[in-house]
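The next block holds one structure in the form of structure tokens; read it before the comments.
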Amino acid sequence: MDAQLERVYEEALKRNPTQPEFQQAVREVMESLEPLLLERKDYQEAAILERIIEPERQIMFRVAWQDDNNKVRVNRGYRIQFNSTLGPYKGGLRFHPSVTLSIIKFLGFEQIFKNALTGQGIGGGKGGSDFDPHGKSDNEVMRFCQAFMNELSSHIGADIDVPAGDIGVGAREIGYMFGQYKRLARRNEAGVLTGKGVGWGGSLGRTEATGYGLVMFANEMLAEVGDSLEGKTAIVSGSGNVATYAIEKLLAQGAKPVSISDSSGAVYDPDGIDVALLKEVKEVRRGRVSEYAEARPNAVYHAGGKVWGIDADIALPCATQNEVDANDVRAMEMGGIRLIAEGANMPLTPGAIEVAQDSGIIYAPGKAANAGGVATSALEMQQNAALQSWSFDDVMARLEAIMHNIHKTSLDTAEELGQPGNYMVGANAAGFMKVADAMLQQGVI
């Protein structure tokens, strides 16, 4: 990087030591935006980059709760309110043992630009805990969620900060947290959380939105080169909400998804993933992908394995950060992959991105490709504010329009910056400029 930007980055390293994921996310944005950041003297004079890198507020708290054996457990909770320039902080809550301050900060940083790309009035934030809901009873999850909300409730609100779900936080967890928030706030503030049940303020289509939006974006990418998903084979990692509904949408578009994975290993199903069975295993039984393979005659389970060596046309990483390294992308290239769209947040390492771009694989970052989830969360906020409930088809039509606009904006911005077809540069620049220009207009705050 340019020496001036390198100094800004080095200062960020000093302020955020031992936070590798956050440092990685910051460097990716800075490197891809170097020509823009050096050209815009007004951004430099107002220290826009330095201000965007520094969260407006970082909240950490103890979460003490009792398990079913009446043993007191202690977890750590986080909420990073990163940037409210465009609206109330918006971003999910992740419950997973891997959660650290670094991971929450990288997710919140990415969320700033992702939310800006949707064109909706929402700022960037993220939160969560190192609590693991897997293997816990419903009562244990409820007690944890109530204890978590006891600490979080004073920092959120429909016009302040609106959390949603993420890994480990689905409708069950949102329900428990919303119930506790109502008890504490003594009012029914429907817009304080999104991902709620449809019968009490939730939006139709929110469950499907991230996975469906990802496939909509991938289809836009293929259309740009005169192709479509029809007849394509797809490899998908993960088996949670994003992966499941990406698979469902791929099937509806005439594509054939052939893989799933979780932390225990990977499954290759040459007959195509049976999405009904996948939902039964993961959503009803809360089981492992090995159970899926046991129920399918030709499916193969690889303990500890990855899906990236399977021959296919497109790849949708939908599991977690840094799950795809440079060697994985080389394996994809050998297997015929032409397109990678990120369903997870930052699933490709910097080396993997470099190999993908050098190989000619069309690559789109998560802040563009997986923005459908937060976009539909904002649609849920609109419905709550208007005391309305829209039809599934209405929500999907709005989502499709948003994903189309993100795709067009990313490509148009990349073209303007002399990087035609570079979705990473286009998405980073478009999101950054929207926030930066608003920051200039709002003064030094």
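Listing for the model above:
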{"read-out": "Relative contact order (%) - segment 41-157, alpha-carbon pairs under 8 angstrom, separation at least six", "value": "28"}
{"read-out": "Only Lys, Arg (+1) and Asp, Glu (-1) charged, at Cβ; segment 56-191 dipole about Cα centre in debye", "value": "200"}
{"read-out": "DSSP beta bridges in segment 208-368 [antiparallel fraction, %, rounded to 5]", "value": "40"}
{"read-out": "Charge dipole magnitude, Cβ of K and R +1, D and E -1 - segment 116-255, Cα centre, debye nearest 20", "value": "580"}
{"read-out": "Which of 340, 321, 361, positive extreme of dipole for the chain (C-beta unit charges)", "value": "321"}
{"read-out": "Check: the chain dipole with +1 on Lys, Arg Cβ and -1 on Asp, Glu Cβ, in debye", "value": "1780"}
{"read-out": "Using a Förster distance of 51 Å, the FRET efficiency for residue 327-residue 382 (Cβ separation, nearest 0.05)", "value": "0.70"}
{"read-out": "Residue of 30, 216, 403 that the Gaussian network model of the chain assigns the largest fluctuation, springs spanning Cα pairs under 10 Å", "value": "30"}
{"read-out": "By accessible area with a 1.4 Å probe, ligands and nucleic acids excluded, highest first: order of 142, 221", "value": "142, 221"}
{"read-out": "Separation of the residue 228 and residue 271 label points, Cα + 7 Å toward Cβ, nm", "value": "2.8"}
{"read-out": "Share, in percent, of DSSP beta bridges within the chain that are antiparallel, nearest 5", "value": "55"}
{"read-out": "Neighbour-limited loop hits for trypsin sites (Lys or Arg not before Pro), segment 243-298 (at most 14 other Cβ within 10 Å; DSSP other than H, G, I, E, B)", "value": "285, 286"}
{"read-out": "Mean separation of Cα contacts under 8 Å (6+ apart) over length of the chain, as relative contact order %", "value": "15"}
{"read-out": "Spacing of the two label points (7 Å from each Cα toward its C-beta) at residue 440 and residue 280, in nm", "value": "5.8"}
{"read-out": "Listed residue (48, 17, 32) projecting farthest to the positive dipole end of segment 1-54, Cβ model", "value": "17"}
{"read-out": "Mean residue ellipticity (222 nm) of the chain, computed from DSSP H runs ≥ 4 via -39,500 (n - 2.57), nearest 500", "value": "-15000 deg cm²/dmol"}
{"read-out": "Full-extension gain in nm, residue 183 to residue 416, via 0.36 nm per residue minus C-alpha separation", "value": "78.8 nm"}
{"read-out": "Overall form of the chain per C-alpha gyration tensor (a/c, 1.5; a/b vs b/c)", "value": "rounded"}
{"read-out": "Relative packing of peptides 305-312, 361-368, 88-95, 269-276 - highest average C-beta neighbours within 10 Å first", "value": "88-95, 361-368, 305-312, 269-276"}
{"read-out": "Global form of segment 254-303, assessed from the alpha-carbon gyration tensor, a/c cut-off 1.5", "value": "oblate"}
{"read-out": "Length-normalised contact order of segment 208-368 in % [C-alpha pairs under 8 Å, at least 6 apart]", "value": "21"}
{"read-out": "Rounded accessible area of residue 389 (nearest 10 Å², 1.4 Å probe)", "value": "80"}
{"read-out": "Segment 56-191: antiparallel DSSP beta bridges as a percent of all, rounded to 5", "value": "65"}
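The values are calculated or read from the model by the stated rules, or taken from the named source; none is laboratory data. None of the values given here were measured: they were computed from a predicted structure. Glycine also receives a Cβ, built like all others from the backbone with ideal geometry; neighbour counts cover every protein chain displayed. In case anyone asks, the SASA skips ligands and DNA or RNA and just uses the protein heavy atoms, side chains included. Shrake-Rupley method; radii C 1.70, N 1.55, O 1.52, S 1.80 Å.
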